[in-house]
């Protein structure tokens, strides 16, 4: 093996010393917050005719095209990402029988979710799911 000149070793050590703080700063630089979840929500009639849908994107603070995104994201967080556990809200709904089917497909905090449920009518859907399906 050939002996290395002292200047090469010193230059390499100096370069490493100069680059270390820069690479540490890059590693610590805050980037955009990862999304808590991205869920495609749909509401269909009883014959599965798709009537409306929206993408709910939940970075911290809520987002995406959902009209009540921040509230919907909070509601899903409170349910632990399990839409069947959305809290029941108190409101009066008629006994009108016009079934609707709500469906959610996507990811929440790194886990895939797929949820589907039928409700007697749109009022009951909103009563049971709150802001999540209020679009």
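The values are calculated or read from the model by the stated rules, or taken from the named source; none is laboratory data. Small disclaimer: the values here were computed from a predicted structure and weren't measured. Quick reminder, even Gly has a Cβ in these numbers, built from the backbone with ideal geometry, and neighbours come from all protein chains shown.
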(message) Can you pull out every residue in the range 67-88 that is touching a helix residue (DSSP H, G or I) at 6+ places or on another chain (Cβ under 6 Å) and within 12 Å of residue 133 (Cβ to Cβ)?
(response) 68, 71, 72, 75, 86
(request) For residue 73, state whether it is closer than 17 Å to residue 41 by Cβ, in contact (Cβ under 8 Å) with a residue 24 or more places away in the chain and crowded, with 16+ Cβ neighbours inside 10 Å. (result) yes
(request) Mind listing just one residue for me: the one in the range 95-121 that is outside any strand (DSSP E or B) and surrounded by 14 or more Cβ atoms within 10 Å (Cβ to Cβ) and, of those, modelled with the lowest pLDDT? (result) 109
(message) Whether any residue in the range 38-60 is loosely packed, with under 10 Cβ neighbours inside 10 Å, assigned to a loop (DSSP other than H, G, I, E, B), modelled with pLDDT of 90 or more and over 11 Å from the mean Cα position of the chain (by Cα) is what I want to check.
(response) no
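The rows are residues; the columns are (1) more than 12 Å from residue 41 (Cβ to Cβ); (2) touching a helix residue (DSSP H, G or I) at 6+ places or on another chain (Cβ under 6 Å); (3) in contact (Cβ under 8 Å) with a residue 40 or more places away in the chain.
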{"site": "64", "(1), (2), (3)": "no, no, no"}
{"site": "96", "(1), (2), (3)": "yes, no, no"}
{"site": "102", "(1), (2), (3)": "no, yes, yes"}
{"site": "106", "(1), (2), (3)": "no, no, yes"}
{"site": "110", "(1), (2), (3)": "yes, no, no"}
{"site": "133", "(1), (2), (3)": "no, yes, yes"}
